[in-house]
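The values are calculated or read from the model by the stated rules, or taken from the named source; none is laboratory data. On a predicted model such as this, the values are computed, not experimentally measured, just so you know. Here Cβ is always computed from backbone atoms with ideal geometry, including for glycine, and neighbour counts include all displayed protein chains. These accessible areas exclude ligands, DNA and RNA; they are computed on the full protein's heavy atoms, side chains included. Shrake-Rupley method; radii C 1.70, N 1.55, O 1.52, S 1.80 Å.
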Amino acid sequence: MKSKIPNLQSNSSKYINFRKSLHHQLNSLTPISFQRLLIPLMLQTFLILLLPLPSLYTQLTGRTIILQTTPVDPYDIRRGSWIDLSYDISNPQTLKKLPGWKELVKKYPGSHQQYYPVAEGTNLYVVMQQDKNRWKPLKIAIQLPKSLPENQIVIRGKYRYDTINYGIEKYYMPEPEREKMSQEILGGIQVRVGQIKPMLIETKIDPQGQAVPVRMQVGDRIYNF
């Protein structure tokens, strides 16, 4: 009985063909996989580059005004890296005295007439008027005013939890500057006992009402953002 001898040439030919086929498949998949990886990376990079553009636009096209502010909690500066600021125009009690507030409440009523008079997330525009070196709120607008006198400017806010946010209420402060600011606020520049000397914020506001902080003055010190 003759034993069967493996056909080595045939097996070798099949192995070579298999390798060629596998190599061809890998070559065809590699560019597609690379493209699938590259496109998300390019998209993420593009989005990251877009983030500072609105602020840059505001700094290039905006007008400069000075706003007076105070820390929400002066003693909190020592406990964290962020400082929360409050403005007169952040308080609905201030704005409700201005023309246009009743129209805002009527069009966008909140869940409670006394405590939450405006619907959450409502956009509004506060027209500010220059009075010597200070800017004071003049009226409320539901839509962006088309034109204003030279001594007026509009800042856009959003109603959140019975306060108005303008995007200039929260700042990151490195530890060395935070300690200096804490000493300035709590260490001898008080107007009188129990009253904190206000801080000044230099702010740029673009034609759409978007505000971007430039620098802060506390006492004689200047802090750049």
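Structure notes:
- Residues (among the aliphatic types (A, V, I, L, M) and either over 25 Å from the mean Cα position of the chain (by Cα) or closer than 14 Å to P207 by Cβ (or both)) located in segment 142-157: L144, L148, I153, V154, I155
- Counted residues, segment 142-169 - those being open to solvent by less than 80 Å² (accessible area, probe 1.4 Å) and touching a residue at least 24 places away in the same chain (Cβ under 8 Å): 17
- Scanning segment 203-213 for residues that are assigned to a strand (DSSP E or B) and either open to solvent by less than 30 Å² (accessible area, probe 1.4 Å) or out of contact with any Ser or Thr (no Cβ under 9 Å at 6 or more places or on another chain) (or both) yields a count of 5.
- When K132 is tested against (1) at pLDDT below 85; (2) within 26 Å of the chain's Cα centre (by Cα), only condition (2) is not met.
- Residues (outside any helix (DSSP H, G or I) and under 27 Å from the mean Cα position of the chain (by Cα)) located in segment 101-121: Y108, P109, G110, S111, Y115, Y116, P117, V118, A119, E120, G121
- The residues of segment 89-100 that are in a helix (DSSP H, G or I) and open to solvent by 20 Å² or more (accessible area, probe 1.4 Å), listed by number, are Q93, T94.
- Test for M181: is it modelled with pLDDT under 85, open to solvent by less than 60 Å² (accessible area, probe 1.4 Å) and not in a strand (DSSP E or B): yes
- Residues in segment 104-141 that are open to solvent by 30 Å² or more (accessible area, probe 1.4 Å) and on the phi > 0 side of the Ramachandran plot: K132 only.
- If you check Y108, Y116 for being in contact with a Ser or Thr (Cβ under 8 Å, 6 or more places away or on another chain), more than 17 Å from E202 (Cα to Cα) and of a type outside the set (A, V, I, L, M), only one passes: Y108.
- Scope segment 196-225; condition farther than 20 Å from G157 by Cα and among the small types (G, A, S); matching residues: G219
- Some residue of segment 34-55 being under 28 Å from R215 (Cβ atoms), surrounded by 11 or more Cβ atoms within 10 Å (Cβ to Cβ) and modelled with pLDDT under 95: yes
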